[in-house]
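Undergrad: Sharing a structure here in structure tokens format.
Every number here is computed from the coordinates shown, using simple stated rules; none is lab data. A quick note: this is a predicted structure, and the numbers were derived from the prediction, not measured. Neighbour counts run over all protein chains shown; Cβ positions are idealised from the backbone, glycine included.
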Amino acid sequence: MQDLAAQPAGALAHPRDEIRITKPPFPSSVPTVCCSSRLASSYFLDRSETPGEQAANMVVNKAMVFRQIPEGLPVAGRDLTIETVVDYDGCSPAPAGGVLLQAEYASFDPYMKGRMRPAHIKSNATAFELNKPLFNQCMARVLKSNHPKYQPGDQIIGELPIQQYVSVSGADLDKIQHLENPLGLEDVRVFLGALGMSGLTAYSSFYEIGQPKKGETIFISAASGSVGSMVGQLAKREGLRVIGSVGSDEKLDFIIRELGFDAGFNYKKERPADALKRLAPDGIDIDYENVGGEHLEAALGAMKEHGRVIVCGLISEYNATPGQRYPLYNYSLILRRRLTVRGFVVFDHGFGDKYHAEHQAKVQRWIKDGTFKVVTWECEGIDNAIDGLLALFSGRNFGKAVLKF
């Protein structure tokens, strides 16, 4: 994959805008949350324009660039920057055997923090490259094509740099594919959330590791997030009692009234251990762990014998220095209560791929018939991309976080 310029220019400031709840432009009973800014122009230039007119109308191409390995939470303007990577005109062709794309949406996910590390440190996801745009799942439109598989106007999805315009070479076409939307779902952002990586993460791990049984009790931390909200709805479909932890009263009201959770608590007002004693006095059978730290400690303390702990994420630990990490003292309960504790990576062979077709078929149908609810937190404008990404680590996002270019 190549971007449209070899060397980015200087960093640009990104404004912070007030977050507001707006009515979504698609049928849904849940809000779309936006932080808005003026979008950059997407018009190409005409060959008939004079050089002066072309220079005056060059299209700006901005990207979110990885400048420095962060110590703890990334700092805007130091570790991450918004930069103009190139200006170009409408005469720019698609690469040989490839396509020229205009980005529409990018997915923001907590695991992206783990990719902001030195390249020599190996992990399940490739480290971001310094002084290059961050990559993640994106949706885009084909503007120009030199490949018969793609035509201008086609909507695609794939692993792309987070920048407004992207040139994909013929050698890298395997990184993108047409967006498959057989039921004609109106809000295509769901393909980055409930029908994307986070949705498959929730679906595959809940069934593969959780092994749910009707009448059991499940506790889900970060329950209003993209993964947690999906696990909760799956659990209700399977007849489980569902308890969720969230970071605000608004989110608590949402998971109970909108998603059908049986109970929940605001961890900023009540300690997880106290809340689980109150809400699950007989214990829990499954812990779906997205937070770690105090939440994991409380869940272990509440687990029944032969319970299952699904370790999906540890977001409370991602930005902590070694001295700030939460000490876990009750891990002996794993042995004494014969617990199954399992982490996973959705891309592992035989894990996510095992459930992919089933996940797509069922969840697309549920979204279409309105029995499955999706909430999207949308950050609008590339200039606000850093603020939108960092919102994941402060709990400001509500549901699946995406960037609208």
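Undergrad: Arrange the peptides 351-359, 194-202, 310-318 so that the one whose residues have, on average, the most other Cβ atoms within 10 Å appears first. The partial results should precede the final answer.
TA: Details: 351-359: 15.2, 194-202: 24.6, 310-318: 20.6.
Descending mean neighbour count gives 194-202, 310-318, 351-359.
Undergrad: Would you work out the relative contact order for segment 197-343, in percent, from Cα pairs under 8 angstrom that are 6 or more residues apart?
TA: Working: 286 pairs, mean separation 30.1, N = 147.
Taking the mean separation of contacting Cα pairs over the length of segment 197-343, I get 20 percent.
Undergrad: Tell me, what is the FRET efficiency for ARG337 and ASN266 to the nearest 0.05, using R0 = 30 angstrom and their Cβ-Cβ distance as r? Each step should come with its number before you reach the end.
TA: On the way: r = 27 Å, r/R0 = 0.91.
Given R0 = 30 Å and the Cβ-Cβ separation, E is 0.65.
Undergrad: Using Cβ counts within 10 Å as a stand-in for footprinting exposure, how do MET112, MET64 rank, fewest first?
TA: MET112, MET64
Undergrad: Would you work out the charge dipole size for segment 300-396 about its Cα centre, treating the Cβ of every Lys and Arg as +1 and the Cβ of every Asp and Glu as -1, and quote it to the nearest 20 debye?
TA: Working: 13 positive and 10 negative charges, 160 e Å.
The dipole magnitude comes to about 760 debye.
Undergrad: Would you please give the residues with an amide H less than 5 Å from that of GLY98, counting only those at least 5 places away or on a separate chain, with H modeled from the backbone geometry?
TA: Here the answer is ASN146, GLY170, since their amide H atoms fall under 5 Å of that of GLY98.
Undergrad: How large are Rg and Dmax for segment 197-343 when calculated on the C-alpha trace, in angstrom?
TA: 13.9, 41
Undergrad: Can you run phi through the Karplus equation (6.51, -1.76, 1.60; θ = phi - 60°) for segment 157-173 and list ³J(HN,Hα) in whole Hz, with x for Gly and Pro?
TA: Values per residue, Gly and Pro as x: 9, x, 7, 9, x, 7, 8, 5, 10, 9, 9, 10, 6, x, 5, 10, 5 Hz.
Undergrad: In whole Hz and in residue order, list the ³J(HN,Hα) couplings for segment 121-131 that follow from phi through the Karplus curve 6.51 cos²θ - 1.76 cosθ + 1.60, θ = phi - 60°; x for Gly and Pro.
TA: 7, 7, 7, 6, 10, 4, 5, 5, 8, 4, 6
Undergrad: Here is a follow-up. Hey, how many Å between the Cα centroid of segment 60-109 and the Cα centroid of segment 264-291?
TA: 40
Undergrad: Sorted from largest down, what three extents in whole angstroms do the Cα atoms of segment 114-208 have along their principal axes?
TA: Dimensions of segment 114-208 along the principal axes of its Cα atoms: 40, 37, 21 Å.
Undergrad: Charges only on Cβ, +1 for Lys and Arg, -1 for Asp and Glu: so what's the dipole of segment 197-343 about the Cα centre, in debye to the nearest 20? Each step should come with its number before you reach the end.
TA: Numbers: 19 positive and 18 negative charges, 64 e Å.
I would put it at about 300 debye.
Undergrad: Only counting other Cβ atoms within 10 Å, I'd like TRP366, TRP377 sorted with the fewest neighbours first.
TA: Details: TRP366 17, TRP377 26.
Least crowded to most crowded, the residues run TRP366, TRP377.
Undergrad: Which net charge results when you count Lys and Arg as +1 and Asp and Glu as -1 among the other residues whose beta-carbon is under 10 Å from that of VAL341?
TA: Working: positive: ARG308, ARG342; negative: ASP287, GLU289.
So the environment of VAL341 carries a net charge of 0.
Undergrad: Now for a different question. Sorted from fewest to most neighbouring beta carbons within 10 Å, what does the list LYS404, LYS268 look like? Don't skip to the end; give the middle numbers.
TA: Numbers: LYS404 24, LYS268 10.
Lowest count first: LYS268, LYS404.
Undergrad: Long-range amide H contacts for LEU339: which residues qualify at under 5 Å (H placed 1.01 Å from N, peptide plane, sequence gap of 5 or more or a different chain)?
TA: HIS306
Undergrad: If Lys and Arg each add +1 and Asp and Glu each add -1, what is the summed charge of the other residues whose beta carbon sits under 9 Å from the beta carbon of LEU183? Working shown, then result.
TA: Working: positive: ARG365, LYS368; negative: none.
So the surrounding residues net to +2.
Undergrad: Could you work out the local net charge near LEU259, counting Lys and Arg as +1, Asp and Glu as -1, over the other residues with Cβ closer than 11 Å to its Cβ? Could the numbers behind the result be given before it?
TA: Numbers: positive: LYS236, LYS251, ARG257, LYS373; negative: ASP253, GLU258, ASP262.
Neighbour charge sum, excluding LEU259 itself: +1.
Undergrad: Continuing with the same structure: Taking H as built 1.01 Å from N, whose amide H comes closer than 5 Å to the amide H of MET303, not counting residues under 5 places away?
TA: Residues meeting the amide H criterion: ILE284.
Undergrad: May I ask you to derive the FRET efficiency for ALA119 and LYS214 from their Cβ-Cβ distance with R0 = 51 Å, giving the value to the nearest 0.05? Write down the numbers at each step before the final one.
TA: Numbers: r = 47 Å, r/R0 = 0.93.
Calculated value: 0.60.
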